[in-house]
Structures are given as C-alpha cells and as structure tokens.
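Peer 1: Provided herewith is a single structure, encoded as structure tokens, for subsequent inquiry.
None of the figures in this text is laboratory data; all of them are computed from the coordinates on show. As the structure is a prediction and not an experimental result, all values here were calculated from the model. Positions of Cβ are generated from backbone atoms using ideal geometry, with glycine treated the same way; all protein chains shown enter the neighbour counts.
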Amino acid sequence: MTEMKIALSIEEVAECTGIGRNTWRELVKQNKLPVLKVGRKVLIKKDTLEMFMDANEGRDLRIGDNVKAVTRKSAV
C-alpha cells in the first residue's frame, strides 16, 4: 500500500524544501506557520507549507521580521 501523508515532520519538510531543520524550527518557534504537535513531534500540513512558501517567495527566511506568518482559521 502506498503511504499518502497529509503532514510532514520538520526533517521531511527540510529534506523536500532544501531549507535547514534549524530554520524550520525557528520559524515554528516564532509562530510563523501553524503546526500540529504530538508529544515532541512537530507536523506541518502540506497545504500549509505550500501557502507559507507562496507567501514568502523572494524573502529571506532567516530574518524573522521579513517573514510573513501564515495562519489557519479554527474549525471550532
């Protein structure tokens, strides 16, 4: 059976984007994109990652003030 993931770990996001794990961890710490935390594991939904990448195209992600935050509306 083919595994179809809707969310990726920090390590997987770093691997598929070419952006380092520490950069992604810092972006999560700064609340620049919504994540799901399960214990120590942090997951980023693929569609959220795509929205984040689109919103920050051409920006230096290492400069926190330069990064646009992406938010998700709550389903409450």
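Peer 1: Which trypsin sites (Lys or Arg not before Pro) does region 16-49 hold that lie in a coil by DSSP with at most 15 other beta carbons within 10 Å?
Peer 2: Numbers: sites: 21, 25, 29, 32, 37, 40, 41, 45, 46; in loops: 32, 40.
Passing sites in region 16-49 are 40.
Peer 1: To the nearest 500 deg cm²/dmol, what mean residue ellipticity at 222 nm is calculated for the chain from DSSP H runs of n ≥ 4 alone, each contributing -39,500 (n - 2.57), summed and divided by the residues?
Peer 2: On the way: 3 runs with 27 residues, N = 76.
After summing the helix terms and dividing by residue count, I get -10000 deg cm²/dmol.
Peer 1: Counting Lys and Arg as +1 and Asp and Glu as -1, each charge on the Cβ, what is the dipole of the chain about the Cα centre in debye, to the nearest 20? The partial results should precede the final answer.
Peer 2: On the way: 15 positive and 11 negative charges, 86 e Å.
Dipole about the Cα centre, nearest 20: 420 debye.
Peer 1: Among 56, 42, 20, which residue has its Cα positioned farthest towards the positive end of the charge dipole of region 19-73, with +1 placed on the Cβ of Lys and Arg, -1 on the Cβ of Asp and Glu, and the dipole taken about the Cα centre?
Peer 2: 42
Peer 1: Which residues make up the longest stretch of the chain that has no GluC sites (Glu not before Pro) in a DSSP loop with at most 15 other Cβ atoms within 10 Å? Spell out each step's value before the answer.
Peer 2: Details: sites that count: 3, 57.
With GluC sites (Glu not before Pro) excluded where exposed in loops, the chain gives 4-56 as its longest stretch.
Peer 1: Let me ask another. Calculated from the structure, semi-axes √(5λ) of the Cα gyration tensor in Å equals which of (1) 18, 12, 11; (2) 17, 15, 10; (3) 20, 15, 13?
Peer 2: Evaluating semi-axes √(5λ) of the Cα gyration tensor in Å on these atoms matches (3).
Peer 1: Right, next: Taking θ as phi - 60°, what are the ³J(HN,Hα) couplings along region 55-67 by the Karplus curve (6.51, -1.76, 1.60), each to the nearest whole Hz, with x for Gly and Pro?
Peer 2: Each residue's phi maps through the Karplus curve to give 5, 10, 4, x, 9, 8, 6, 7, 9, x, 5, 8, 8 Hz.
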